[in-house]
Amino acid sequence: MSMSQHVLSLLAGACIASGLFLSPVYAAGDDSSKTPVCKKGEIYDQKTKKCVKQQGSNLTDENKADYAYALAKAERYAEALEVLDTVDNQETAEVLNYRGYATRKLGRTDEGIGYYLKSVDKDPKYAKVREYLGEAYIVKGQIDLARSQLETIKSICGTDCEEYKDLAEVIADPSKI
């Protein structure tokens, strides 16, 4: 390989690598989540499709809650809770569910279950909270309660929905939580 070919090869590799570092990072593990996660102190604005400073941003509660969930799915649980703290209406089923998810993933399973149960009270037909509540029961070794949540999910969305399949999978193999 000539010197100019070698230099071109290095430049091409650098361009490809820099593209990888400039690309948005998406929350892992949730096929429905396409919300990029930003660096700490920023939040993804769904309207402008950009990361903006968390402080002073004029974002909706829904935007903040969705972003907190994306952070939690990216295993940035403490940051997810910080973003949830900025939501004005703390009593929606989604906010309570996402708070339960992040606290459970931080190892505070009983606290997470408390948030899940409040979420269920707000929206008994919210299948995602039923899935996560079932997972929390599995963590506690309460498989019968997890199976009860699976049956409730079945009555909400059947056996083909993601929530049913995901909970059934972890009931069959708890190591997948």
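Quick look at the numbers
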item: Most to least packed among 132-138, 36-42, 71-77 [average Cβ atoms within 10 Å]; result: 132-138, 71-77, 36-42
item: Pairs from LYS64/LYS165; LYS50/LYS128; LYS73/LYS105; LYS39/LYS64; LYS34/LYS64 whose Cα-Cα separation, in the structure shown, is over 18 Å; result: LYS64/LYS165; LYS50/LYS128
item: Set of aspartates and glutamates near LYS176 by C-alpha distance (under 17 Å), chain-local residues within fewer than 8 positions excluded; result: ASP30, ASP31, GLU75, GLU131, GLU135, GLU162, GLU163, ASP166
item: Accessible surface of the range 91-177 [probe 1.4 Å, protein heavy atoms]: carbon and sulfur percent; result: 46 percent
item: Burial order of peptide ranges 145-154, 84-93 (average beta-carbon count within 10 Å, highest first); result: 145-154, 84-93
item: Pairwise FRET efficiency - ILE177 versus ASP61, Cβ, R0 = 30 Å, nearest 0.05; result: 0.55
item: Heavy-atom accessible area per residue - the range 42-150, 1.4 Å, Å²; result: 48 Å²
item: Semi-axis lengths, Å, the range 131-177, gyration tensor of Cα atoms, sqrt of 5 times eigenvalues; result: 16, 11, 7
item: Packing-based ranking, highest mean first, of 102-115, 159-172 given that Cβ atoms within 10 Å are counted; result: 102-115, 159-172
item: Reciprocal of mean inverse Cα separation for the range 60-145 (Kirkwood radius, Å); result: 12.5 Å
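The values are calculated or read from the model by the stated rules, or taken from the named source; none is laboratory data. The structure presented is a predicted model; accordingly, all values stated were derived computationally and were not measured. All Cβ positions, glycine included, derive from the backbone under ideal geometry; neighbour counts span all protein chains shown. For the accessible areas, the whole protein counts, side chains as well, though only heavy atoms, and no ligand, DNA or RNA atoms are used. Shrake-Rupley method; radii C 1.70, N 1.55, O 1.52, S 1.80 Å.
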